[in-house]
1. Among A:Thr226, A:Gly188, A:Cys156, whose Cα lies farthest out toward the positive end of the dipole of segment A:53-268, if unit charges sit on the beta carbon of Lys, Arg (+1) and Asp, Glu (-1)?
2. Computed on alpha carbon atoms, what radius of gyration and Dmax characterise segment A:53-268, expressed in Å?
3. For segment B:482-497, take each phi angle, set θ = phi - 60°, evaluate the Karplus expression 6.51 cos²θ - 1.76 cosθ + 1.60, and give the result in whole Hz per residue in order, putting x for glycine and proline.
4. Dipole of segment B:186-313, Cα-centred, from +1 at each Lys and Arg C-beta and -1 at each Asp and Glu C-beta, to the nearest 20 debye?
5. For chain B, take the longest principal axis of its alpha carbons; what is the angle in degrees between that and the long axis of helix B:49-59, to the nearest 10 within 0 to 90?
6. So in chain B, what percent of DSSP beta bridges are antiparallel if you round to the nearest 5?
7. Given the pairs C:Lys108/C:Lys140; C:Lys9/C:Lys33; B:Lys162/B:Lys492; A:Lys54/A:Lys251; B:Lys247/B:Lys385; A:Lys83/A:Lys192, which are separated by over 21 angstrom at their Cα positions?
8. Given a cut-off of under 8 Å on Cα pairs at least six residues apart, what relative contact order in percent is computed for chain B?
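The values are calculated or read from the model by the stated rules, or taken from the named source; none is laboratory data. Here the structure is a predicted model, which is why all the values come from computation and not from measurement. Don't worry about glycine lacking a Cβ; one is built from the backbone with ideal geometry, like all the others, and counts go over all protein chains shown. The accessibility values were calculated without ligands, DNA or RNA, using every heavy atom of the protein model including side chains. Shrake-Rupley method; radii C 1.70, N 1.55, O 1.52, S 1.80 Å.
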Amino acid sequence: MDEKELQKLKVCDIEDLPGPKSKEELEEMKMPFEEYCRKAFDPGNEFLKPEALKGIRWMSTTMYIFTPHSVANLAELGAECIKVEMPRMGDPMRQTSPFNEAYLYPLHDTRPMTGTGYGFLNANVNEYYITLDYHVPESKRVFYDLVKQSDGLTECYRHGTFDRWKQGYRYLMEMNPRFIYVWGGGFGYGPKMFGGSYDILGQAHAGLASITGTHKDMGGHATKCTNWCIDWYSGTQITCAIMAALNYRLKTGLGTMIEFSQVQAATRMCGYTAPLYGRFGIVRQRWGNWDTQLCVHGIIMTGKSDFPDRPNPQEKFEARYVMLSAFQDADFKDLCDIIRSRTSSAAIRPTRRGSAGRPRWKSIKPSRPGPRTRPAPKW
Amino acid sequence: MAKEKRDIEINSRADTLPLMGPEVRPWPVTPPPTPEWVMDNVYAKRKAQEFGKFLEDNLRLDFVFDKPEALQGLRVMCNGIWQISRMFAASLLGEQGAEVVHIEPPGGDPLRQLTPFGREEYMLMDNVAGEPCGLDFLHEFRNAKSITLNLETEDGRAIYKKMATVFDVIIEAWPPGYMDSVGLGYRHLSKLNPRLIYCWVGERGQWGPMKDEVSKHGQWILDPFSAAADSWIHNTGFPQDQCPRGKGGDPMRSGAWLPSYVCGEQAAVNIQAALYWRDGVSGEGQFIEVTAAEALMDILDFDIGWYGFNRSIKARTGAWDPNLNQYEWNPCKDGYMMIGGQTDRLWYRIGMCIERELPEFGRLIHEDPLLKEMGARNSLQGLIKTYSITTKWLRDINRIEAEQKLMEYEIAAGPVLYIDEVAEFPHFKYRPWVNTIETQFYGTVMYSESCAAFQHRTPARVKDIGRPLGHDNGEVYQKFLGIGPLKLRELKAKGVI
Amino acid sequence: MCDIIWCKKEVGGKVCDTVNYLDPYCFWNWEGKIGCAECGTVYYIHMIQGHMYRGPDEKPGEKADILPLFADKPNDGYSCYLPGIEGRTRPFTCLPREIYLGHADTVKFSIRGKPVRGWRPQPPSAGVAGSFGFFWDIEKLSPEVWAEYQEKIKKGEVKDW
Ligand SMILES: [Zn+2]
């Protein structure tokens, strides 16, 4: 076989094939895992790396946290995002600040005596801010032009409002078939289509509030999960749906309309709540800081604060709760031993009965007859 | 529906179980409204019949199986135990059409054994081996296949390596460095499959001073360690000013495994962004790490900025919100009623609704000059004033009455509902959000519908829920590695799968 | 009267005329004696599910168990007692800082010592609803803050955490 024939048989270069090709790469394989992670993720040098969504342009005709966050996620991944607000009014979050105490005063603010509340800041990062009043006829062309140049839009107006203004999906898809149109709100089509929504409405309506907080019998009330977390969490789920749509468009060139209901998203995270009710009719209650499926695994109050001398009451009085977890047999036994060594009472014993309620995942027996044991998982 | 009377003797809890299944207590108890009713009573009232019809015709859940899947062709391997975040990430991809395979050790994921208060009677048996499966695991095991693989054996590792070459995505949730220590980390697998997208999920990270650890006996740290690590739990719950400490006035975890869900969705977003970059730009995969703690920190509102501003540490505020007025739930006659409306337009509408029945609200709230400014209403005294009088109105009425009254004023308001009420809420069962599915192995299961299921072109969908451990060993190993039944037996005998 | 106690007690020839607010979570189910923020009159109340089951009954000479968080006088220009005024209102103990303001805080420097535009008002050149370029040039537009900042740098009060 001559050299020419040999070359013909080649389908690739050895350089392109997997396997370490240099001393550097060999070193990489040998380095301790933590060091490798530090090198791979290289914190502080994010700007030296490419952005996944570079070139995507997204319009954000949104307010509050839920829908803005769906766009901010894209912006963090490198998309060019344009936040459209009403002239002179702006996103109501600009007037939102904890106990009315913390405002920043950027120069472009339209209410110089009010400032921008901290509520606005995190949900709208990396974006361009423009104003546009859809009620003014001249704004239509501006809006349509933006749509033609963009990949998608997230809006949060009452369902049908954009459609009435002739800037809903039905109109825009005909101007830009690649357009991905997202409506985010509380409920979506159906009997409660025009119901408004907020983070806590989602928590309340969806059943999340009914399983969070201390039980009534122990003096507690249904408790709000903090930090508008359902707004943020649902916003990220929108981004997740947008990403799927973007990947589909990569293959087909077609956009879509996503109708996303945040109340539903809050139900989605409630785990066994729905299947337990559906099969057994059991209505899940709130159990405070207990985990209903792992014991011991919860938050307990200690006798002392870590920072008794700090002036801030949050440090002075509240730095006294710990997350305690000892649900596997050996850990549970250790915990009991520790407690016993600190107390004179001999009442605490790691007996089977003492640990009732813990899932017996190591010793569980199949309910059908016949000997059948399962090796305990290593971890 | 049968209205026949039966005599039943209940001597123990066991006697009640057959009385509660979906066969005897079907869902929904009352039928949802019909589309015609909704058209006439909802859409028509706002002159939105045409738009409503467009939505119904294009987005209804009934049509999902007539439409393509967004992530069709994407192969996802989900490897790990304990962490539900990995399963949620896999579900989100699986619901969008990815082919998901869950790898568990031959002993199975201990999550399969978790059940509330350790009650085995609330686990579901599969119809193949009769193995009980916990409901959290079941609910999050969506559109996926189950295989077993023992990564502690040489053969098992070799098989895993081969699998990694034919998959697009690996979601991994083992303790930090474990997969790497057995030569199956990203740095090893990416050499075999440079297009591989590899995502590790966990509580606090796989490197750094606070990284995830296992106890000396091998117990993992699990949800909500992440929420404890970043002030999320610290600022959830009632202040001791509203509820005594020890009786509800303490920092509080979420009842749901919220941090894990936040982590899982963030992982799914990042995996899909990496996929977009791979398929659209570079052709390269990448290494991703998502921790629940950092995913939560990303959504802590302004807590970090506020601390930098003037050393404020956000405190818990119970069912109120220190940033918004009105925006809370307060107790009412039969539970709790949530009311929200912050801008002047909405805030005064709430007030008008209440004032109609409680003139005092107008006198004390509307007429107060301090409360006329939106920002000023957020002050603590603004909240105390507004909510004291709002509750005075609420205590005389039920949730449904309050909702109806506030709806007349187009206020975002809703009752705090329990799951039985959620499942029967007309809007929820109309779409439906809480849905039932006849699964292949576990009978009819009620579940929360995929949130991305309402789409024009590529809706997400749930096709099956739950899988007996290792049920798909035969199919998956044959399909991806050409391992036939005889070889499979051999591997099983050697403890490899 | 229920979720408020509108005190009409005559003290020194003048009607107290103060509204004491009974915040819903604390008082939803509560029994005890509460003092009026203005005149100190002690009332016994027993609330069940937000309703006044008994009271408010005056309990002269007895000590109050609790004070309201907030009270105001709508007929006297809405003058009020904020939370935590000694002897009048009880403090709200679960606060984000030791100081409660209830109005915009004017902060020139972040806790790291970096300039932050958290103060107001804007300079007169801002007009009623002024609009500027994107960048706030502290040196030119707030020279006094710039000078203070230079001092801080010299004293080493500017930190990177
Ligand atoms: Zn008085």
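1. Of the candidates, A:Gly188 comes out farthest on the positive side.
2. For segment A:53-268, the Cα-based Rg and Dmax read 18.0, 60 Å.
3. My calculation for segment B:482-497 gives x, 7, x, x, 5, 4, 4, 4, 4, 5, 5, 5, 7, x, 7, 10 Hz in order.
4. Working: 11 positive and 15 negative charges, 73 e Å.
It comes to approximately 360 debye.
5. So the inclination is approximately 20 degrees.
6. Details: 20 of 44 bridges.
Of those bridges, close to 45 percent are antiparallel.
7. Working: C:Lys108/C:Lys140 15 Å; C:Lys9/C:Lys33 16 Å; B:Lys162/B:Lys492 18 Å; A:Lys54/A:Lys251 18 Å; B:Lys247/B:Lys385 24 Å; A:Lys83/A:Lys192 28 Å.
Going by Cα-Cα distance, B:Lys247/B:Lys385; A:Lys83/A:Lys192 fall outside the 21 Å limit.
8. Working: 805 pairs, mean separation 94.9, N = 497.
In percent, rounded to a whole number, it is 19.
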